[in-house]
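Written out below as structure tokens is the structure these notes cover.
The values are calculated or read from the model by the stated rules, or taken from the named source; none is laboratory data. Everything quoted here is computed from the prediction, not taken from an experiment. Positions of Cβ are generated from backbone atoms using ideal geometry, with glycine treated the same way; all protein chains shown enter the neighbour counts.
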């Protein structure tokens, strides 16, 4: 009879294509990993890996086994969790994929409250790009995705709008904009900006919000691109320039050390979604978490829709 533990060892080895890395990840010895793989190969009567010196590749049989092994391991985990939950406590392992800002500023508060209610649930968080977080959900590698987009390429996924993340323009305290506190939209073309990379959910939300208010975001002058919002906030604090970040970043990192600049007529907001795959069997931990977020009161502004400036005449960038 097949052993779910052996299949899990196989799945990790299929991902790493390296028995030593597999052993480290599973806290096993390398000979033990090899023994589990050999036992599976003996059971099926066919090699699962092609060994070329130190290099491993999956054979056709190995590639065929991967999705079926994954399904069996998940079923085994669900059985264990369900039987444990019959004792009156919710047990299990919740896997979460999330993009960077939600992962740093939303998830810790959310999980702290969840842990108070369900102390026996273990949680693993994968902080990555928003597209990768959704792909992990599509592939069944996480139970929950927390992201600022509701892409429909993940067939069957259910996205629930969780909160509205306010996005703000910040400037050094001695900058004229910070001293005034509010600017007209056409003034946005006059500055040089510190921006996130193109794939950033923050950047995409800012671009969309300004575009719907007839501001050509791509005509802005960017002189510095940074890979996270914290770096932008600290750069602004040091007087390097102005930039857009989540209000949560300002509140946690540099409140009263940068100036928030309102843009007349605009209230930029990025909707944060929580997603799951209803087509996959739900564990007790996932069911408990999904019910928990239905009643969770997050301490930031909630929104049914992002709010943008409307009915404006397009404002062209200066020539």
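In the stretch 209-218, the qualifying residues are those that are on the phi < 0 side of the Ramachandran plot and touching a strand residue (DSSP E or B) at 6+ places or on another chain (Cβ under 9 Å), and the one that is surrounded by the most Cβ atoms within 10 Å (Cβ to Cβ) is 215. When 160, 180 are checked against the criterion of being exposed (fewer than 15 other Cβ atoms within 10 Å of the Cβ) and touching a strand residue (DSSP E or B) at 6+ places or on another chain (Cβ under 6 Å), a single residue qualifies: 160. Restricting 247, 252, 221 to those that are loosely packed, with under 15 Cβ neighbours inside 10 Å and under 25 Å from the mean Cα position of the chain (by Cα) reduces the list to 252.
Listed here are the residues, each with its yes/no results for (1) under 30 Å from residue 130 (Cβ atoms); (2) surrounded by 13 or more Cβ atoms within 10 Å (Cβ to Cβ).
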site	(1), (2)
19	no, yes
50	no, no
55	no, no
64	no, yes
72	no, yes
78	yes, yes
92	yes, yes
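The set of residues in the stretch 83-100 being under 27 Å from the mean Cα position of the chain (by Cα) and either modelled with pLDDT of 85 or more or under 19 Å from residue 288 (Cβ atoms) (or both) consists of 90, 91, 92, 93, 94, 95, 96, 97, 98. Against the definition (modelled with pLDDT of 80 or more and farther than 17 Å from residue 270 by Cα), how does residue 146 come out, yes or no? Spelling it out, it is not the case that residue 146 is modelled with pLDDT of 80 or more and farther than 17 Å from residue 270 by Cα.
Filtering 187, 198, 116 for residues that are out of contact with any strand residue (DSSP E or B) (no Cβ under 8 Å at 6 or more places or on another chain), closer than 26 Å to residue 252 by Cβ and in a helix (DSSP H, G or I) leaves a single hit, 116. Residues in the stretch 263-279 that are loosely packed, with under 15 Cβ neighbours inside 10 Å and assigned by TED's automatic domain parsing to the domain that holds residue 123: 278, 279.
Condition first: surrounded by 15 or more Cβ atoms within 10 Å (Cβ to Cβ), assigned to a helix (DSSP H, G or I) and modelled with pLDDT of 95 or more. Can you find one or more residues in the stretch 280-289 that meet it? The answer is no, given that none of the residues of the stretch 280-289 is surrounded by 15 or more Cβ atoms within 10 Å (Cβ to Cβ), assigned to a helix (DSSP H, G or I) and modelled with pLDDT of 95 or more.
Let's see how each residue does on (1) closer than 16 Å to residue 9 by Cβ; (2) at pLDDT 90 or above; (3) touching a strand residue (DSSP E or B) at 6+ places or on another chain (Cβ under 9 Å):
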residue: 36; (1), (2), (3): yes, yes, no
residue: 39; (1), (2), (3): yes, yes, no
residue: 43; (1), (2), (3): yes, yes, no
residue: 50; (1), (2), (3): no, yes, yes
residue: 54; (1), (2), (3): no, no, no
residue: 59; (1), (2), (3): no, yes, yes
residue: 62; (1), (2), (3): yes, yes, yes
residue: 76; (1), (2), (3): yes, no, no
residue: 79; (1), (2), (3): no, no, no
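Suppose we filter the stretch 192-207 for residues that are touching a residue at least 12 places away in the same chain (Cβ under 8 Å) and surrounded by fewer than 18 Cβ atoms within 10 Å (Cβ to Cβ); how many remain? The number of residues fulfilling the criteria is 4. For the stretch 18-57, the tally of residues that are touching a residue at least 40 places away in the same chain (Cβ under 8 Å) and more than 19 Å from residue 73 (Cα to Cα) stands at 2.
Residue count for the stretch 87-113 satisfying the condition of being part of a loop (DSSP other than H, G, I, E, B) and closer than 20 Å to residue 230 by Cα: 1.
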